[in-house]
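I have placed the structure first, in the form of structure tokens, so that the comments after it can refer back to it.
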Protein chains: 2
Amino acid sequence: MSTDLIARLSAILGPSGLITEEADMASYAIDWRRLFPGRPLCVARPASTAEVAEVVKACRAAGARLVPQGGNTGLAGGAVPDASGGEVVLSLTRMNKVRAIDPVGLTLAADAGCILKVAQDAAADAGRLLPISLAAEGSATVGGVVSTNAGGVNVLRYGMARALVLGLEVVLADGTIVDMARQLRKDNAGYDLKQLFIGTEGTLGIVTGVVLRLVPRPKHTVTALLSVPSPQAALDLLALAQEELGDTISAFELMSGYSFDLLKRHLSLTAPIAAGDWFVLIEAGASLSGLREAAESALAAALENGTALDGVIAETGAQATQLWALREHITDGEAREGKSMKHDVSVPIVAVPAFLEAADIAIAEGAPGAKVNAFGHLGDGNIHYNVVMAPGQDGAAINTLVHDVVARFSGSISAEHGIGQYRVDELLRRRAPAEVALALTVKRALDPDNFLNPGKVLPAPA
Amino acid sequence: MSTDLIARLSAILGPSGLITEEADMASYAIDWRRLFPGRPLCVARPASTAEVAEVVKACRAAGARLVPQGGNTGLAGGAVPDASGGEVVLSLTRMNKVRAIDPVGLTLAADAGCILKVAQDAAADAGRLLPISLAAEGSATVGGVVSTNAGGVNVLRYGMARALVLGLEVVLADGTIVDMARQLRKDNAGYDLKQLFIGTEGTLGIVTGVVLRLVPRPKHTVTALLSVPSPQAALDLLALAQEELGDTISAFELMSGYSFDLLKRHLSLTAPIAAGDWFVLIEAGASLSGLREAAESALAAALENGTALDGVIAETGAQATQLWALREHITDGEAREGKSMKHDVSVPIVAVPAFLEAADIAIAEGAPGAKVNAFGHLGDGNIHYNVVMAPGQDGAAINTLVHDVVARFSGSISAEHGIGQYRVDELLRRRAPAEVALALTVKRALDPDNFLNPGKVLPAPA
């Protein structure tokens, strides 16, 4: 059976479109964090939407399940096959072109496999901004970004990926191509079916093309680093900054003093300001003049009233890059400190200080000796509450400790990383039965045979 | 059977929660435009989500279909019952409270039946902006706004209603309450099921509560009216304005010279600037200083290079209101001119000039004597292309003429008004079969008996 399928796929895809050698499949078989090693039957690399549809039909006819994959940079194991040796990886990376850019209508159309950075650069060349920015942007694909509803550092101003999707082209579980790749800013004609495929990680259909919204590129940018005495002070600073800068704020990142200890100890990176127990990195952008003056005025006010202890506004682009490097190297510093359990949680923004306090108590009591490395997107209520474990500690127990506190604050156990295979069990345990049942109803309607990315987001088929 | 149901509903809702007298039901039975007169069995007015669930179960058990209704201000007949006398109207208007406001986290929670204007005012009282604004805001409910994915004049900057929904509380067709009324800015834990109920006009479930995103209230606003020689010049003006003002632009409205003729002839309203063939109304808002200077600079540049023929920037709030009154009275002027066919269409923004030219030719050739009253949200590619008919002309034929041109530009036949019962046949005719089939798959999965708002958005049950 599998020999027949491989012959059929080879006929559809040609020699450059199918990988069957184990060594060549290695990078498609395991996730970026190397937590979920799998073994695919083969890796199909279609060059067109029509080929994707043919691959779907062939696999379905042969009873082989399909795992769509973009840049394979996900953090939840959502794009890799299981270890059965029977799943086919469908890699979209050969469909990698920007299809069209409209700088006045502010739209960009691209193949699903187009690298996010390539799309960003194409928008920049047209004088516009594609406002999705995340660490993996040099490898992540726009189709993966949409399929996982990716977040990143600009969510505060521009929203998650979903908010930027104007159109999609999708292949359904039966091989039907649904072309919804419209370039319209407004379209209320019937159900907005593309929503079904955003953030559902390829479990309801395969995204083959996207139309994304662009925004005007801000002419002026300010980047500032401040030290603050507490998370509550950081929250007060957010309110103050919003008062002065309105919705020009594109990033408002909170980082713990411990995060900065790790940067110093392992990477010799230090803050150019006096230390506080916490740090905040703010970025704002605008086309209007007056941005820097407003930022300086906000900083002065924050220092004056004690919300901030010290602070600096970058004078040059290079300085801004240095400030961002602090934020971006935190996970690197953490990795050099020891083994950690990562949590990508969100709570209502005003609850962040109370959440941090409660979670710290839970860890101190339940996992003594562990160290908390908390940082993240305070402006979105999204904290990466990572716990560096003491020797012999149980990661799963720490997970439960943290997520129990999240539940007390009506938060989410996955703010931006998705569920993949990593968090399925926990999602099922923590979500209300009515929501789980509704999700299963949708899955059964669109993919009754559990053919698409089985075991991701929802339970694996029995 | 219906007597039993009414007794059961009366027991659930009490005397103030059920209307059965025909005279008292009149305002619930017909839409605002008075195009779709219906006859309900009764009007149920629950006071809580639990009562909504009980009403759903009682109606379902009795085999009576349910038509959810908010402020009944829709333009597509989506919230009124058919003429059978067997459908129950479920009015949410007794559930009308703002539940909570978080000015730092920028969220507002409300019952579905809360009037949009009440929610706007509550946000304003907290120093924040609920950026959904539309003509019917004094009667429309937030639940209706979400259920129809309403647009309005701020879409250019803030998106349609969908972009502002953080959480929903929903009652399903079997009476299950699904509480997704989370206050989170980011939540990627599993399928984002609330998307199923946004813009689906009550056909998949009943929205009973909403959590909406607020934004900082801009400190400075500029409102300008310009006359321009052509739609292409208006598009050039949009590019110029975006260059100077970035994404501070919240409204960019195009109005034809004929629209202004109607204002003058029937309402004695005149533009305070020299006439052009077309007019543009622009509004922008920012927290930064420098907005007015940038607007003045943009106006000077537009006059200098001939993009604009004349223009004025409002000096006071009262003047801004006067400029907006011109835009807001166009439909009133149109109504006094004669019977018209309305079209709420969108095309890619850059295609608007070519669309208008092609549609004008189609009307001149296919419906000689008819007059085109075109206006709308150019910044969103959304044109209200209304046609004032000559005596004896066939409205349906004019509909077809206009929508055929929309199809040539890959546009939408409903940019913001939805489908309701008004556009069902045309939607089915114009959408690709794969999309229609997918919509029906979702409907069957969530509402297999066609119990919720039958005949709206999708075909009526046989």
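The values are calculated or read from the model by the stated rules, or taken from the named source; none is laboratory data. Just so it is clear, the model here is predicted, and its values are computed rather than measured. We place every Cβ from the backbone using ideal geometry, glycine too, and count neighbours over all the protein chains shown.
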Of the residues in region A:423-462, how many are touching a Lys or Arg at 6+ places or on another chain (Cβ under 9 Å) and either of a type in the set (Val, Ile, Thr) or assigned by TED's automatic domain parsing to the domain that holds residue A:140 (or both)? 2
Go through the residues of region A:358-371 one by one and say whether even a single one is buried (at least 19 other Cβ atoms within 10 Å of the Cβ) and closer than 28 Å to residue A:220 by Cα. no
Identify, from the list B:196, B:238, the residue that is surrounded by 23 or more Cβ atoms within 10 Å (Cβ to Cβ), farther than 27 Å from residue A:202 by Cα, within 9 Å of chain A (Cβ to nearest Cβ) and in contact (Cβ under 8 Å) with a residue 40 or more places away in the chain. B:238
Residue satisfying condition, being within 14 Å of the chain's Cα centre (by Cα), free of Cβ contacts under 8 Å to residues at least 60 places away in the same chain, more than 10 Å from every other protein chain (Cβ to nearest Cβ) and surrounded by fewer than 24 Cβ atoms within 10 Å (Cβ to Cβ), within set A:159, A:138: A:138
Any chance region B:247-255 includes a residue that's within 30 Å of residue A:124 (Cβ to Cβ), within 10 Å of another protein chain (Cβ to nearest Cβ) and without any contact (Cβ under 8 Å) to a residue 60 or more places away in the chain? no
Would you please name the residue that is surrounded by the most Cβ atoms within 10 Å (Cβ to Cβ), looking only at residues in region B:248-267 that are aromatic (Phe, Trp, Tyr) and part of a helix (DSSP H, G or I)? B:260
Residue A:285: passes all of (1) out of contact with any strand residue (DSSP E or B) (no Cβ under 7 Å at 6 or more places or on another chain); (2) of a type in the set (Gly, Ala, Ser); (3) not in a helix (DSSP H, G or I) but (1)
In this structure, does residue B:29 turn out to be free of Cβ contacts under 8 Å to residues at least 24 places away in the same chain, among the aliphatic types (A, V, I, L, M) and under 16 Å from residue B:64 (Cβ atoms)? no
Quick one: in region B:199-208, which of the residues that are farther than 23 Å from residue B:131 by Cβ and within 11 Å of another protein chain (Cβ to nearest Cβ) is surrounded by the fewest Cβ atoms within 10 Å (Cβ to Cβ)? B:204
Determine whether residue B:34 is more than 21 Å from the chain's Cα centre (by Cα), among the basic types (Lys, Arg) and either surrounded by fewer than 18 Cβ atoms within 10 Å (Cβ to Cβ) or not assigned by TED's automatic domain parsing to the domain that holds residue B:208 (or both). no
Please list, ordered by first then second residue, the pairs with beta carbon atoms under 6 Å, 6 or more apart or interchain, first in region A:338-362 and on the phi < 0 side of the Ramachandran plot, second in a helix (DSSP H, G or I) and among the charged types (D, E, K, R). A:340/A:334
What residue, of B:113, B:71, is closer than 23 Å to residue B:163 by Cα, without any contact (Cβ under 8 Å) to a residue 60 or more places away in the chain and not polar (S, T, N, Q)? B:113
Do we have residue A:286 as in contact with a His (Cβ under 7 Å, 6 or more places away or on another chain), more than 30 Å from residue A:171 (Cα to Cα) and either aromatic (Phe, Trp, Tyr) or crowded, with 22+ Cβ neighbours inside 10 Å (or both) here? yes
Would you please name the residue that is modelled with the lowest pLDDT, looking only at residues in region A:79-113 that are touching a Lys or Arg at 6+ places or on another chain (Cβ under 6 Å) and over 20 Å from residue A:194 (Cα atoms)? A:103
For region A:419-439, indicate whether the set of residues that are within 30 Å of residue A:61 (Cα to Cα), facing another protein chain (nearest Cβ under 10 Å) and surrounded by fewer than 17 Cβ atoms within 10 Å (Cβ to Cβ) is non-empty. yes
Can you tell me how many residues in region A:268-283 are closer than 16 Å to residue A:378 by Cβ and surrounded by fewer than 20 Cβ atoms within 10 Å (Cβ to Cβ)? 1
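The rows are residues; the columns are (1) closer than 21 Å to residue A:415 by Cβ; (2) more than 7 Å from every other protein chain (Cβ to nearest Cβ); (3) outside any loop (DSSP other than H, G, I, E, B).
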residue: A:153; (1), (2), (3): yes, yes, no
residue: A:167; (1), (2), (3): no, yes, yes
residue: A:175; (1), (2), (3): no, yes, no
residue: A:179; (1), (2), (3): no, no, yes
residue: A:182; (1), (2), (3): no, no, no
residue: A:186; (1), (2), (3): no, no, no
residue: A:218; (1), (2), (3): no, no, no
residue: A:223; (1), (2), (3): no, yes, yes
For residue B:142, state whether it is of a type outside the set (Gly, Ala, Ser) and touching a Ser or Thr at 6+ places or on another chain (Cβ under 6 Å). no
Expected single match for without any contact (Cβ under 8 Å) to a residue 24 or more places away in the chain and under 15 Å from residue A:234 (Cβ atoms) among A:299, A:309, A:281, A:303 is A:303
Selection status of residue B:327, touching a Lys or Arg at 6+ places or on another chain (Cβ under 9 Å) and basic (Lys, Arg): no
Failed item in (1) surrounded by 24 or more Cβ atoms within 10 Å (Cβ to Cβ); (2) small (Gly, Ala, Ser); (3) more than 30 Å from residue A:410 (Cα to Cα); (4) at the interface with another protein chain (Cβ under 10 Å from one of its Cβ atoms), with residue B:190 passing the rest: (3)
Would you mind stating whether residue A:211 is part of a strand (DSSP E or B), β-branched (Val, Ile, Thr), within 11 Å of chain B (Cβ to nearest Cβ) and buried (at least 20 other Cβ atoms within 10 Å of the Cβ)? yes
Under the condition of being under 24 Å from the mean Cα position of the chain (by Cα) and part of a loop (DSSP other than H, G, I, E, B), which residue from region A:440-462 is surrounded by the most Cβ atoms within 10 Å (Cβ to Cβ)? A:453
Please work out if residue A:55 is assigned to a helix (DSSP H, G or I), more than 24 Å from residue A:423 (Cα to Cα) and in contact (Cβ under 8 Å) with a residue 40 or more places away in the chain. yes
Just give me the residues in region A:74-99 being free of Cβ contacts under 8 Å to residues at least 60 places away in the same chain and closer than 27 Å to residue A:130 by Cα, in sequence order. A:93, A:96, A:97, A:98
Which listed residue is over 27 Å from residue B:246 (Cα atoms), assigned to a helix (DSSP H, G or I) and in the same structural domain as residue A:318 (by TED's automatic domain parsing), from A:245, A:299, A:303: A:303
